[in-house]
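The values are calculated or read from the model by the stated rules, or taken from the named source; none is laboratory data. This one's a predicted model, so the numbers in the text were calculated from it and none came from an experiment. The protein model used for the area step is the full one, side chains on, heavy atoms only, and it has no ligands, DNA or RNA in it. Shrake-Rupley method; radii C 1.70, N 1.55, O 1.52, S 1.80 Å.
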Amino acid sequence: MKARGLAKPRRFKRTAATMSAMDSKPRAQRRHVVVLGGGIQGASAAYFLSKRDAKVTVVELESVGSAASGKAGGFLAGEWGSGPTTALHKESFRMHKELASELELETFREIRTLSVASGSKGQKKGLEQTMWLDGNISQARLMDDKTAQVTPLEITTKLMEAAKGRGAEVVIGRATGVEFRDVVEGKG
């Protein structure tokens, strides 16, 4: 792996240890995990791994949240899943609420989601909910009251800051390959 500003490539080890086994290791023997990318997924991985006492290095090309994770809409829908994703939607929404509290996110807010139809003809229904909208609105109805918003750059940045507070490192650079070595327990 090459990263800008480093004299020589760093070598990282791969093991088959489970997270629960990692929890019981003394700090000197904790696993080293390399995360590629400092977006929401990389920041989340770094945060949760650091909470489990892993040594985490994040390799990011530009800066934390510099691409889509710093510019996305941040809309969270807890009840919109169907079939196999239903549980994932609910758990994700619950975790975002929990993280909002843990990380003291300023932009997280639960909101109601409306379905709004434009037009000036027909009977006007539910317009008391849309007084703040400009234009011709013919209908508005509550779609879901279990939705929320958060600024993606804020949650990504705060996740990474919290991970760094637990010892994670962010390296600005480019990963050009991965080198694996088998590791025998008790031997480096």
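A few notes on this one:
- Out-of-range pairs (alpha-carbon distance over 18 Å; input K90/K158; K71/K158; K71/K164): K90/K158; K71/K164
- Take the range 24-100 with all the other protein chains still there, run a 1.4 Å probe, and you get 54 Å² of accessible area per residue.
- Among the protein heavy atoms of the range 52-123, carbon and sulfur supply 51% of the accessible surface, probe 1.4 Å, non-protein parts ignored.
- Scanning residues 5 or more positions from F108 or on other chains, those with amide H under 5 Å from its amide H are T151, with H placed 1.01 Å from N in the peptide plane.
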